[in-house]
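Student: My questions all concern the structure below.
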Amino acid sequence: MILITTGRKPGMASRRVARRLSALVPHSIYLTRGKRSVDELIDYARTEGLRKIIFMNDYHGNPGEIRSISLGKNEWDWDKHYLKIQNITVSENKPRKPFDSYVAVKGKESNIFQDIFAMENEEDADIVFYGEADHFLFEREGKELLRAKIKIMSE
């Protein structure tokens, strides 16, 4: 399972995107960060048996980047790749997500996105994720649920 949260003092748009991601990314939950430090979030995730934390960070009050942490039993590390968001659009159609939903993952850069979002490819899934070098998109039955123009970054 995956924990999706925001940076500290997020804008409304970043909270909205983080909540929407938690409805689209399989096996994920959203947690309002509040005043929790990264170490407190890691402790919480470990006690809940989660293996990854995804952060929706702000840039001037808007979604600015998506970073993730992979958790081991006693160690953790920031993932190598992260996403700089240039523009993001969230559809008004709210997705319904069963607890154990799956996503069909497609696109040239799908391996990077599978690492960031800890998604496994399920070809027959209702929700389709397309990951390219300059954007990603979640859709269901041909209707866009979330689209982001991005730049893939590496540390």
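The values are calculated or read from the model by the stated rules, or taken from the named source; none is laboratory data. What you see is a predicted model; the values in this text were computed from it and never measured. Cβ coordinates were reconstructed from backbone atoms using ideal geometry, including for glycine residues, and neighbour counts include every protein chain displayed.
Student: With the condition being touching a Lys or Arg at 6+ places or on another chain (Cβ under 7 Å) and of a type outside the set (Lys, Arg), I'd like the strands (runs of 3 or more DSSP E) fully within the range 99-155 carrying at least 1 qualifying residues.
Tutor: Ranges flagged: 127-131, 135-140, 143-154.
This table checks each residue for (1) within 14 Å of the chain's Cα centre (by Cα); (2) under 17 Å from THR5 (Cα atoms).
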| site | (1), (2) |
| --- | --- |
| GLY64 | yes, yes |
| SER68 | yes, yes |
| HIS81 | yes, no |
| LYS84 | yes, yes |
| ILE112 | yes, no |
| ASP124 | no, no |
| TYR130 | yes, no |
| ALA133 | no, no |
| LEU137 | yes, no |
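Student: Consider the range 1-30. How many of its residues are touching a Leu at 6+ places or on another chain (Cβ under 8 Å) and not in a strand (DSSP E or B)?
Tutor: 5
Student: Consider the range 31-56. How many of its residues are outside any helix (DSSP H, G or I) and buried (at least 18 other Cβ atoms within 10 Å of the Cβ)?
Tutor: Total satisfying the criteria: 8.
Student: Would you mind finding the one in GLU40, GLU122, GLU92 that is at pLDDT below 95, acidic (Asp, Glu) and over 18 Å from ARG19 (Cβ atoms)?
Tutor: Exactly one residue qualifies, and that residue is GLU122.
Student: Select from the range 3-17 the residues that are modelled with pLDDT of 95 or more and among the hydrophobic types (A, V, I, L, M, F, W, C) and list them in ascending order.
Tutor: Once the filter is applied, which keeps residues that are modelled with pLDDT of 95 or more and among the hydrophobic types (A, V, I, L, M, F, W, C), the range 3-17 yields LEU3, ILE4.
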